[in-house]
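First up is the structure itself, then whatever we jot down about it.
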Ligand code: G3P
Ligand code: MG
């Protein structure tokens, strides 16, 4: 699997409402090769692309996602909070997002988002099953802060590329890695320590940072060897950093 240096976070979320089909399309239009999306499920079990536990911040409705059905969320406008240009945008079902990512020939980092009331086994089961039906192995990376969800993902698919998602990478990351055999470790760049970066890459894993929207402050991390970043707007970065990375940390020109 080859990842680009830039993965559009929640789609191209600086320019379109996050985690929507519009944000996926905007990322493709901007030339992004990979995107990151959050998946969770509704009260009726339908998997949807959404970040928060509630719909309050990014829609014209209110309430917890876990209390809603597919019919409920279809009535929400999830675009006009962002701008009038996106009025009428509907919450994306996982299946719709997967179809669009596939049609656009993009790669996807699907983050299993365990908000309160969600079951790790159920989310991992439904999301991995559906994603693998639509996307080839080299265009799917499944990540989570929830190691139990990743264990269920691994047990469903031995060859699936997994990303261990942490805020600060803990000293015990290697025991998670031994158990889960991940492709990558994903870290909050503001809490990254160089020692952890070196350890992760020495183990042959890629180190990806989120959510990087300040290229100048981040710049020295490229020199330390970070493989890639999640950003709300890849267009913020200087073209000289537009290089491909590999899972083993080596780079080649785009
Ligand atoms: O997967 C990287 C990043 O998306 C993790 O944080 O809260 O934006 O889902 P969050
Ligand atoms: Mg995420």
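Every number in this text was worked out from the coordinates using simple rules, so none of it is lab data. Remember, it's a predicted structure, so these values are computed and weren't measured experimentally. Here Cβ is always computed from backbone atoms with ideal geometry, including for glycine, and neighbour counts include all displayed protein chains.
A compact table of results
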| quantity | calculated |
| --- | --- |
| Alpha-carbon centroids, region 86-131 and region 32-66: separation in whole Å | 9 Å |
| Calculated P(r) of region 113-181 - Cα pairs past 21 Å, % | 23 percent |
| Cα-based equivalent ellipsoid of region 1-125: semi-axis lengths in Å, sorted from largest, via gyration tensor | 22, 18, 11 |
| Per residue convex hull volume, Cα atoms of region 6-241, in Å³ | 118 Å³ |
| In nm, spacing of pseudo-spin labels at residue 25 and residue 69 (7 Å Cα→C-beta vector) | 2.9 nm |
| Computed E for residue 179/residue 2 - FRET, C-beta separation, R0 30 angstrom, nearest 0.05 | 0.75 |
| Fraction of antiparallel bridges per DSSP, region 1-144 only, in percent to nearest 5 | 30 percent |
| Mean separation of Cα contacts under 8 Å (6+ apart) over length of the chain, as relative contact order % | 20 percent |
| Rounded to 5, percent antiparallel among DSSP beta bridges of the chain | 25 percent |
| Surface/4 of the Cα convex hull for region 68-169, nm² | 8.0 nm² |
